[in-house]
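Structure first, then comments.
Every read-out reported here was derived from the displayed coordinates using simple, explicitly stated rules and does not represent laboratory data. Just so it is clear, the structure is predicted and the values come from calculations on it, not from any experiment. Note that each Cβ is placed from the backbone with ideal geometry, even for glycine, and that neighbours are counted across all protein chains shown.
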Amino acid sequence: MFGLGPTELIIILVIILVLFGGERLPELARSLGKGVREFNNEKQKIKEQYDETKEAIDVDTETGTPDSDRESGDEQDEEE
């Protein structure tokens with residue numbers, strides 16, 4: 001884990017315990033967990049939006065037409 005051994009992790013945990021105290025430690029852990037959860041949720045939403053956009057602009061290499069169901073406004077003007 002980040003190239004840290006068990007001794008280094010114990011030292012870091014003791015320093016955190018001394019700085020914040022035993023009373024605030026659970027609150028800090030909760031806040032950190034919420035932050036990580038929110039970050040992962042937003043990361044997943046961005047990935048889904050990227051995948052949707054990628055699918056919408058993919059072009060069929062054989063026909064040269066877009067794979068999406070949407071038509072551009074230029075084609076509608078030519079039909080009228």
LEU25-ILE46 FRET efficiency (beta carbon distance; Förster radius 30 Å; 0.05 resolution): 0.40
Cβ-defined net charge surrounding ARG37, 11 Å radius [Lys, Arg +1; Asp, Glu -1]: +1
